[in-house]
Structures are given as structure tokens and as C-alpha cells.
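The values are calculated or read from the model by the stated rules, or taken from the named source; none is laboratory data. These figures come from a predicted structure and were not determined experimentally. Here Cβ is always computed from backbone atoms with ideal geometry, including for glycine, and neighbour counts include all displayed protein chains.
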Amino acid sequence: MIARLVELAGRTVAWLTLAMTLLTFGVVILRYGFNQGWIWLQESVTYLHAAVFMVAAAWALQTDDHVRVDIFYRERSPRYQGAVNLAGTLLFLVPFSVLMLLVGWDYVAASWEAGEASREAGGLPFVWLLKSLILVLPALLLLQSAVTVRTSLAALRGVDAQGSA
């Protein structure tokens, strides 16, 4: 269930890359073809970029598409990989995610309270929404961490995640 939620979030925001590409193309055409530029359009590309990376990070972890130093990992047994994944998750990912939630909470809350908007004339009035992604990232990473811990423990026991040997 948790894995499906993380996957759904990742797959959903992955489509924003298409929108981001089209908007960037539009910004370039407007700027250089028509000498026209809109701050809100440029900022929307930044918002989409942030959403893609911050929401899809947990999905990248789930699908093992994140950056990893594979020299000592790739050719090893599933038990060894499970031990490395478990240690990395519990020693690094969970503490980082919890710290990010604790530190980011007040920062995001202040933005919501102020109804923070762009400082640029004609910019988007949703900075508070953009900053909320600072809490979405660690929340999704913590959810995926629970899945990773479960699958890593299963690998250490010599069974797959569904329980068969």
C-alpha cells in the first residue's frame, strides 16, 4: 500500500516534466521570437521542476534509480545488498528526513501564515505552496524508508519481500 502511494506520486509528477519542457519552449519562443516575457510563466517552470524532484525522489529510491556508488554493491549477494540498504536507510535517510521535517516545519508554517507570494511583479502568488514541498519530500522518503526497511530485513532473512524463500 505504501509502495503504491509512493509510486503513484512519482508517476504523477513525472508527467510534469512534459509540461515543464513545453513551458520552457514557450518561454524561449516568447522571449526571443516576440520579445515578450512573463514572470509567472518562468516561475511556473521553477515550481514544476521543484515538484518533480521533491515528489519523485522517493519513487526514484523505490525503483533504485537514485545515484549509488555501485562498485561494492552491484555484484554482491541480496543479503549483502539488504544489509547496505538497511544501514543506509536507518543511519542516513531516516535521520535526514526527520531533521528536514523538524527544521522545515516552522519555515513552511511561516510561509503559509504570511500567504507568501513572489517578490517579483507579476510573479506567482503561491510561494507558500512551493515551500510546502520541503515537507512533502521527507514525508514521502520516510514512507519509502518503511518499505525499504521491510524489504531489506526480508533480504537479510533470505526471503523476498512477499515472504517466499
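Computed quantities for the displayed model
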read-out: Residue within region 4-27 that is assigned to a loop (DSSP other than H, G, I, E, B) and either closer than 20 Å to L156 by Cβ or not hydrophobic (A, V, I, L, M, F, W, C) (or both) present; value: no
read-out: Sole residue being out of contact with any His (no Cβ under 6 Å at 6 or more places or on another chain), farther than 22 Å from A117 by Cα, β-branched (V, I, T) and surrounded by fewer than 17 Cβ atoms within 10 Å (Cβ to Cβ), chosen from I2, I39; value: I2
read-out: Helices (runs of 4 or more DSSP H) contained entirely in region 55-165, each with at least 1 residues that are touching a residue at least 60 places away in the same chain (Cβ under 8 Å), under 21 Å from L5 (Cβ atoms) and within 16 Å of the chain's Cα centre (by Cα); value: 127-157
read-out: Residue within region 60-75 that is modelled with pLDDT of 85 or more and either under 18 Å from A121 (Cα atoms) or touching a His at 6+ places or on another chain (Cβ under 7 Å) (or both) present; value: yes
read-out: Tally of residues being without any contact (Cβ under 8 Å) to a residue 60 or more places away in the chain, part of a helix (DSSP H, G or I) and closer than 21 Å to F126 by Cα across region 28-45; value: 3
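Per-residue answers, yes or no, for (1) over 17 Å from L137 (Cα atoms); (2) surrounded by fewer than 14 Cβ atoms within 10 Å (Cβ to Cβ); (3) among the hydrophobic types (A, V, I, L, M, F, W, C):
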{"site": "V52", "(1), (2), (3)": "no, no, yes"}
{"site": "V55", "(1), (2), (3)": "no, no, yes"}
{"site": "A58", "(1), (2), (3)": "no, no, yes"}
{"site": "R74", "(1), (2), (3)": "yes, yes, no"}
{"site": "S77", "(1), (2), (3)": "yes, yes, no"}
{"site": "G82", "(1), (2), (3)": "yes, no, no"}
{"site": "L86", "(1), (2), (3)": "yes, no, yes"}
{"site": "T89", "(1), (2), (3)": "no, no, no"}
{"site": "P95", "(1), (2), (3)": "no, yes, no"}
